[in-house]
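Peer 1: I'd like to ask some things about the structure below.
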Amino acid sequence: MRLVILDDYDLASEWAAKYIRNRIIQFKPSAGRYFTLGLPTGSTPLGCYKKLTEYHKNGDLSFKYVKTFNMDEYVGLPRDHPESYHSYMWNNFFKHIDIEPQNTHILDGNARDLQVECAAFEQKIAAAGGIDLFVGGIGPDGHIAFNEPGSSLVSRTRVKTLAKDTIVANARFFGNDLSKVPTMTLTVGVGTVMDAREVMILITGAHKAFALYKAIEEGVNHMWTVSAFQQHPRTIFICDEDATLELRVKTVKYFKGLMHVHNQLVEPTLSVKDYTD
């Protein structure tokens, strides 16, 4: 497990974007060999998406041979609602890059049979050859995707009822009107994300500090579902200084001492220009 600590949100977002960029380019995707990327929503990944878009517009990164699978979607919210995760992904990322629409996969929260929709999503991931890199964020209570406290750590994509804390946290996106916040979602499971060949988790802000502490310094616990990724062979946590406030000083010092090693993962930053004739 790696923990990468950057000074602030912008630097953490940039480091994460460089890492994704290098992973895609090193993979050398093609029409017969797609790179498969799992993606989150929320406020934390916005800076990363902005940098990835910038890399694409500069001609350094292409998503033509990338397939994406999103973590979750609200149940019952119209697809074109401004707060749906379909809208989020297209407005904040997909419409700004060269990804083919048929290569983006987002759960349908309005499907006639939600159980069938969840099972089909798992089948699509398997048909794509699994996820090469799953990027995620967490809530203040340590949930990843919508795997709320108490979720099974081997869970698969399913229908999930949101915890009250999550509904309250999401109210800011719905005019702070709790009655407008969806109470159910479709979400990939902890086990679904654990199956990815590599997992990157973005954690920024002082309000996530206790969750990072639970993820890094304490044991695996289904009440803090992000802690499961201690047991993944290739997990990388990326955080800012504020998110480390609950960690022990020696823990922070230890991981900061490894930054010269971690930075080799993003330096040099590769470009598709170097791989085209």
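The values are calculated or read from the model by the stated rules, or taken from the named source; none is laboratory data. These figures come from a predicted structure and were not determined experimentally. For neighbour counting, all protein chains shown are included, and Cβ atoms are generated from backbone atoms with ideal geometry for every residue, glycine included. What goes into the accessible areas is simple: the full protein's heavy atoms, side chains included, and nothing from ligands, DNA or RNA. Shrake-Rupley method; radii C 1.70, N 1.55, O 1.52, S 1.80 Å.
Peer 1: Check MET200: other-chain or 5+ apart residues with amide H under 5 Å from its amide H, H built from backbone geometry?
Peer 2: PHE134, VAL135, GLY136, ILE236
Peer 1: Using a basic spin-label model with each label point 7 Å from the Cα along Cα→Cβ, how many nm lie between ASP10 and VAL168?
Peer 2: Taking the simple label geometry, ASP10 and VAL168 are separated by 3.3 nm.
Peer 1: Net charge around ILE131, counting only other residues with Cβ within less than 15 Å of its Cβ (Lys, Arg = +1; Asp, Glu = -1)?
Peer 2: Net of charged neighbours comes to +2.
Peer 1: Which distance in nm do the two modelled labels at ALA126 and ASP98 give, with both placed 7 Å along the Cα-to-Cβ direction?
Peer 2: According to this spin-label approximation, the distance is 3.4 nm.
Peer 1: How much of the DSSP bridge set in the chain is antiparallel, in percent, rounded to the nearest 5?
Peer 2: 30
Peer 1: I want to verify the translational diffusion coefficient of the chain in µm²/s; compute it with Stokes-Einstein, Rh as the Kirkwood radius over Cα pairs, at 10 °C and 1.306 mPa s. Intermediate values should be presented prior to the final figure.
Peer 2: On the way: Rh = 19.0 Å.
So the translational diffusion coefficient is about 84 µm²/s.
Peer 1: Follow-up. Rounded, prolate or oblate, given the Cα gyration tensor of the range 5-112, with a/c below 1.5 counting as rounded?
Peer 2: Oblate, because a/c is 1.5 or more while a/b does not exceed b/c.
Peer 1: Would you mind checking the pairs LYS67/LYS160; LYS51/LYS273; LYS95/LYS273; LYS208/LYS250; LYS28/LYS51 and listing those with alpha carbons more than 27 angstrom apart?
Peer 2: Check vs 27 Å cut-off fails for no pair.
Peer 1: A further question follows. If you wrap a convex hull around the alpha carbons of the range 113-216, what volume per residue comes out, as a whole number of Å³? The partial results should precede the final answer.
Peer 2: Values: hull volume 11.6 nm³, N = 104.
Convex hull volume per residue, Cα atoms: 111 Å³.
Peer 1: Now for a different question. Using a simple spin-label model with points 7 Å from Cα along the Cα→Cβ vector, what separation in nm is obtained for SER179 and ALA119?
Peer 2: 3.8
Peer 1: I've got another one for you. Just check the range 225-277 against the gyration tensor rule for me: Cα atoms, a ≥ b ≥ c as the square roots of the eigenvalues, rounded for a/c under 1.5, and otherwise prolate or oblate depending on whether a/b exceeds b/c.
Peer 2: prolate
Peer 1: Is there a quick way to get the dipole size of the chain? I mean about its Cα centre, with the Cβ of Lys and Arg at +1 and of Asp and Glu at -1; what is the value in debye to the nearest 20?
Peer 2: On the way: 30 positive and 32 negative charges, 92 e Å.
So the magnitude is around 440 debye.
Peer 1: With a ≥ b ≥ c the root eigenvalues of the C-alpha gyration tensor of the range 173-246, is it rounded (a/c under 1.5), prolate (a/b larger than b/c) or oblate?
Peer 2: oblate
Peer 1: Summing Lys, Arg as +1 and Asp, Glu as -1, what charge do residues with Cβ under 10 Å from the Cβ of ILE106 carry, ILE106 excluded?
Peer 2: -2
Peer 1: Can you tell me how much longer the chain between SER43 and HIS207 gets when fully stretched, taken as 0.36 nm per residue apart minus their C-alpha distance, in nm with one decimal?
Peer 2: Additional length available on full extension: 57.7 nm.
Peer 1: Tell me the relative contact order for the range 32-153 as a rounded percent, counting alpha carbon contacts under 8 Å between residues six or more apart. Could you put the intermediate results ahead of the total?
Peer 2: Values: 155 pairs, mean separation 40.8, N = 122.
Relative CO of the range 32-153 lands at 33 percent.
Peer 1: Over the range 75-177, with the other protein chains present, what is the accessible area per residue in square angstrom, probe 1.4 angstrom?
Peer 2: Result: 46 Å² per residue.
Peer 1: Further question on the same structure: Output the peptides 92-100, 130-138 sorted from most to least packed, where packing is the average of other Cβ atoms within 10 Å over each peptide's residues. Mind showing how you got there, number by number?
Peer 2: Values: 92-100: 16.7, 130-138: 23.2.
Output ranking for 92-100, 130-138: 130-138, 92-100.
Peer 1: Could you please report the charge total around TYR85, scoring K, R as +1 and D, E as -1 over all other residues with beta-carbon less than 13 angstrom from its beta-carbon?
Peer 2: Neighbour charge sum, excluding TYR85 itself: -4.
Peer 1: Report relative contact order for the range 168-238 in percent, whole number only (criteria: Cα-Cα under 8 Å, sequence separation at least 6). Provide the component values of the computation, followed by the final result.
Peer 2: Numbers: 54 pairs, mean separation 21.2, N = 71.
Reported relative contact order: 30 percent.
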